[in-house]
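What follows is a single structure, written as C-alpha cells, with notes after it.
The values are calculated or read from the model by the stated rules, or taken from the named source; none is laboratory data. Everything numeric in this text was worked out from a predicted model, so none of it was measured. Reconstructed Cβ throughout: ideal geometry from the backbone, glycine too, with neighbour counts over all protein chains shown. Surface areas here come from the heavy atoms of the whole protein model, side chains and all, with no ligands, DNA or RNA. Shrake-Rupley method; radii C 1.70, N 1.55, O 1.52, S 1.80 Å.
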Amino acid sequence: MATTHTITAEKMVFGGDCIGKIEGKTVFIPAAIPGERLEVEIVREQRDYSTARIVSILEPSEHRVPPFCPRYGKCGGCNMQHIDAAYQRELRASILRDAFEREGVAVPEIACVAGRPEGYRSRFQFHSGGLMERQTNTIIPIRSCPCATPEINRYLAEVPPEERPEGRVHVFGSSRISSIPDGYDKIVIAEELRRPAPAQQPLGSGGKRQRKLKKVRPRFEGTAPVPGNLCTVSIAGKAVTFDVQGFFQSNLDVLEQAVPLVCGGLGGTNALDMYSGAGLFSLFLADSFKNVCMVEHNRDALVCAEQNLAGARHESYGVSGETWVRHHAESFMRRNGGFDAVVIDPPRTGMEKAVCLWLCQSQIAEIRSLSCDPATHARDAKALVRAGYTLQKLFLLDFYPQTCHIESLGWFKRESAGR
C-alpha cells in the first residue's frame with residue numbers, strides 16, 4: 001500500500017505545478033490549485049524536491065472546474081483546464097511578476113491582454129493526423145479539439161485520421177486567412193520538404209532560381225518558400241504573409257490586440273525590429289518611422305518579411321542578432337543615424353548576450369521587449385534596468401489559455417536617452 005500525505009498547495013510556479021511542503025521538503029503537485037488541501041502520493045524523489053500525484057482533493061479550490069475536453073490530462077497540450085479562465089490569468093500574471101521580482105526588477109501593475117478561452121488556436125503541429133500523448137510518443141487520434149478554431153475543427157471532422165498526412169505536419173486554419181477566397185476552406189496544410197544539400201543549393205551568388213516573390217538581396221538567395229506553404233492573414237487591417245512551416249502566433253485575436261501595444265506611440269527616423277520573423281511588427285512600425293531595420297536569422301521568414309515590407313523603406317539582415325551587432329550595427333547608424341526605438345522578440349532563450357549588451361549601451365530611448373519565457377525576460381529586464389532603463393509597463397499577452405505558457409511585453413524607457 002502506497003504511503004499518502006496530506007499537503008496544502010501553496011503558490012503555482014512556472015510550468016503549471018503547485019508547490020507545497022512535506023517535512024520541510026518542497027513537493028511539486030501537478031493539477032493542483034493554490035490553497036487546496038490534498039491527499040498525495042510521492043511518485044518521484046529528488047535530492048532537493050519531490051513530485052507527487054493527487055490521490056484525493058480534501059478541500060477543493062473555489063476556482064476548480066470540470067475540464068471541458070475529454071482528452072484532458074492525456075493530451076500533451078492543455079494543463080490548466082481544471083481552473084476557471086479568469087483565475088488562470090491571475091495565476092499566469094503572478095508567475096510573471098514573481099520572475100521579475102526574483103531578479104530585483106520593480107513591476108508595475110500587470111495588464112492582461114486576453115481573448116476567448118476556447119476556439120482560439122489556429123496553428124497546430126499534427127503527428128500522423130493526431131496529437132502526442134503527454135510525456136510519451138503515443139499519437140492520440142482526434143476528430144475535434146475545443147481549443148482549435150472552427151476551421152481546424154472542420155478539417156478534423158471531415159478528414160478521417162487515416163487519410164491525413166503522415167509524420168509531423170504544420171496546419172494553420174483561420175477565418176482571417178485572406179490568401180484563400182471566401183467560400184473555400186480557410187486552412188493551409190504545409191508540405192513538409194527535405195532541404196537540398198548545401199552543395200546542391202548554395203547560399204550567396206549561386207543557386208539562383210526564379211520565384212514569384214519580390215526580388216530580394218543576394219544574401220538571401222538559396223532560400224525560397226514553397227508557394228503552397230505560404231499563408232496571408234489580415235491583422236489590424238494589414239495583410240501579413242508567412243510560411244506555415246515557420247513560426248507565427250496561434251491566437252490571432254490576441255495578436256491583433258497586442259500589435260498597437262508593441263508599436264503604438266512610437267515614431268521617428270529609425271526603428272529596429274530585432275528577431276523580426278516575417279516582419280509583422282515592422283509592417284506597422286513602417287507607418288511611423290522613415291526607415292525600419294529588420295534582423296532575422298531565419299532567412300525563409302525574412303523572404304516573407306521582404307514581401308510584406310515591399311514599398312516601405314527598410315533594410316533587412318539575414319543574420320543572427322549577435323552577428324548584426326558585431327558587424328552591421330555601426331555601419332547602419334553611420335549611414336542612417338541612430339535608432340529612436342527598438343522592438344525585440346527573441347526566442348525562448350532570450351536576447352543573445354551581445355545583443356543585450358549592445359542595447360544596454362545604446363542610449364536608445366524606447367525598447368518594447370516581448371518574450372515567451374518569463375525567466376529569460378526577467379533576466380534581460382534586469383540588465384536593461386541596471387543600464388538606466390525604467391520598466392514603465394508590463395503586459396501578460398494571454399496567447400495560450402488553458403496552458404501554463406506565458407508571453408509578455410515590457411515597455412522600457414530611458415529618460416536620459418540620446419543618440
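Can you run down the residue pairs with Cβ atoms below 6 Å, 6 or more apart or on separate chains, where the first is in the range 373-402 and free of Cβ contacts under 8 Å to residues at least 12 places away in the same chain and the partner is among the charged types (D, E, K, R) and outside any strand (DSSP E or B)?
Matching pairs, first to second residue: none at all.
When you look at Gly16, is it touching a Ser or Thr at 6+ places or on another chain (Cβ under 6 Å) and either aliphatic (A, V, I, L, M) or under 20 Å from Arg89 (Cβ atoms) (or both), yes or no? Steps first, answer last, please.
Values: touching a Ser or Thr at 6+ places or on another chain (Cβ under 6 Å): no; either aliphatic (A, V, I, L, M) or under 20 Å from Arg89 (Cβ atoms) (or both): yes.
Here the answer is no, as Gly16 does not meet what is asked.
How many of the residues in the range 57-74 are within 15 Å of Asp17 (Cβ to Cβ) and either open to solvent by less than 30 Å² (accessible area, probe 1.4 Å) or polar (S, T, N, Q) (or both)? First the steps, then the outcome.
As a first pass, look at the range 57-74 and keep what is within 15 Å of Asp17 (Cβ to Cβ): 61, 73.
If we keep only those that are either open to solvent by less than 30 Å² (accessible area, probe 1.4 Å) or polar (S, T, N, Q) (or both) as well, we get 61.
The qualifying residues number 1.
Here are some residues: Ala312, Ala341, Ala305. Which one is without any contact (Cβ under 8 Å) to a residue 60 or more places away in the chain, of a type outside the set (Phe, Trp, Tyr) and open to solvent by less than 10 Å² (accessible area, probe 1.4 Å)? Reasoning before the result, please.
Numbers: Ala312 fails: open to solvent by less than 10 Å² (accessible area, probe 1.4 Å); Ala341 fails: without any contact (Cβ under 8 Å) to a residue 60 or more places away in the chain.
The conditions single out Ala305.
Of all residues in the range 368-419, which are among the β-branched types (Val, Ile, Thr) and assigned to a loop (DSSP other than H, G, I, E, B)? Explain how you work it out, then say what you get.
So in the range 368-419, the residues among the β-branched types (Val, Ile, Thr) come out as 376, 385, 390, 403, 406.
Answer for the range 368-419, where residues must be among the β-branched types (Val, Ile, Thr) and assigned to a loop (DSSP other than H, G, I, E, B): Thr403, Ile406.
Take Phe332 and decide whether it is outside any strand (DSSP E or B), in contact with a Cys (Cβ under 8 Å, 6 or more places away or on another chain) and either of a type in the set (Ser, Thr, Tyr) or surrounded by fewer than 24 Cβ atoms within 10 Å (Cβ to Cβ) (or both).
On the way: outside any strand (DSSP E or B): yes; in contact with a Cys (Cβ under 8 Å, 6 or more places away or on another chain): yes; either of a type in the set (Ser, Thr, Tyr) or surrounded by fewer than 24 Cβ atoms within 10 Å (Cβ to Cβ) (or both): yes.
It is true that Phe332 is outside any strand (DSSP E or B), in contact with a Cys (Cβ under 8 Å, 6 or more places away or on another chain) and either of a type in the set (Ser, Thr, Tyr) or surrounded by fewer than 24 Cβ atoms within 10 Å (Cβ to Cβ) (or both).
Identify all residues within the range 371-395 that are under 19 Å from Gly265 (Cβ atoms), open to solvent by less than 30 Å² (accessible area, probe 1.4 Å) and out of contact with any Leu (no Cβ under 6 Å at 6 or more places or on another chain); write none if there are none. Give the steps one after another, and end with the answer.
Within the range 371-395, the subset under 19 Å from Gly265 (Cβ atoms) is 384, 389-395.
Filter again for open to solvent by less than 30 Å² (accessible area, probe 1.4 Å), leaving 384, 389, 391, 394-395.
Leu384, Tyr389, Leu391, Leu394, listed by residue number.
How many residues does the range 75-93 contain that are in contact with a strand residue (DSSP E or B) (Cβ under 7 Å, 6 or more places away or on another chain) and surrounded by fewer than 17 Cβ atoms within 10 Å (Cβ to Cβ)?
Of the residues in the range 75-93, 1 are in contact with a strand residue (DSSP E or B) (Cβ under 7 Å, 6 or more places away or on another chain) and surrounded by fewer than 17 Cβ atoms within 10 Å (Cβ to Cβ).
Among all residue pairs at least 6 apart or on different chains, which show Cβ distances below 6 Å where the first residue, located in the range 161-180, is of a type in the set (Phe, Trp, Tyr) and the second is part of a strand (DSSP E or B) and open to solvent by less than 70 Å² (accessible area, probe 1.4 Å)?
Phe172/Arg123; Phe172/Val188; Phe172/Cys231
In this structure, is Cys112 in contact with a strand residue (DSSP E or B) (Cβ under 9 Å, 6 or more places away or on another chain) and not in a loop (DSSP other than H, G, I, E, B)? It would help to see each step written out before you state the result.
Working: in contact with a strand residue (DSSP E or B) (Cβ under 9 Å, 6 or more places away or on another chain): yes; not in a loop (DSSP other than H, G, I, E, B): yes.
Yes; evaluated as a whole, the condition is true for this residue.
Name the residues in the range 249-272 that are under 30 Å from Pro117 (Cα atoms) and open to solvent by less than 20 Å² (accessible area, probe 1.4 Å), would you?
Within the range 249-272, Ser250, Asn251, Leu252, Val254, Leu255, Ala258, Val259, Val262, Cys263 qualify.
What residue, among those in the range 31-56 that are in a strand (DSSP E or B) and open to solvent by 70 Å² or more (accessible area, probe 1.4 Å), is nearest to Gly16 (Cα to Cα)? Show your work before the answer.
As a first pass, look at the range 31-56 and keep what is in a strand (DSSP E or B): 37-45, 49-56.
Okay, now just the ones that are also open to solvent by 70 Å² or more (accessible area, probe 1.4 Å), so 37, 43-45, 49, 53.
Details: Arg37: 17, Val43: 17, Arg44: 17, Glu45: 19, Tyr49: 16, Arg53: 14 Å.
So, considering only residues that are in a strand (DSSP E or B) and open to solvent by 70 Å² or more (accessible area, probe 1.4 Å), the one nearest to Gly16 (Cα to Cα) is Arg53.
Tally the residues that are surrounded by fewer than 19 Cβ atoms within 10 Å (Cβ to Cβ) and assigned to a loop (DSSP other than H, G, I, E, B), restricting the search to the range 315-329. Spell out how you get there, then give the answer.
Going through the range 315-329, the residues surrounded by fewer than 19 Cβ atoms within 10 Å (Cβ to Cβ) turn out to be 315, 319-320, 322-323, 326-328.
Now narrow it down to the ones that are assigned to a loop (DSSP other than H, G, I, E, B): 319-320, 328.
Residues flagged as surrounded by fewer than 19 Cβ atoms within 10 Å (Cβ to Cβ) and assigned to a loop (DSSP other than H, G, I, E, B) within the range 315-329 amount to 3.
Of the numbered conditions (1) under 20 Å from Lys382 (Cβ atoms); (2) in a strand (DSSP E or B), Ala354 satisfies every one except a single condition; which is it?
For Ala354, the failing item is (2).
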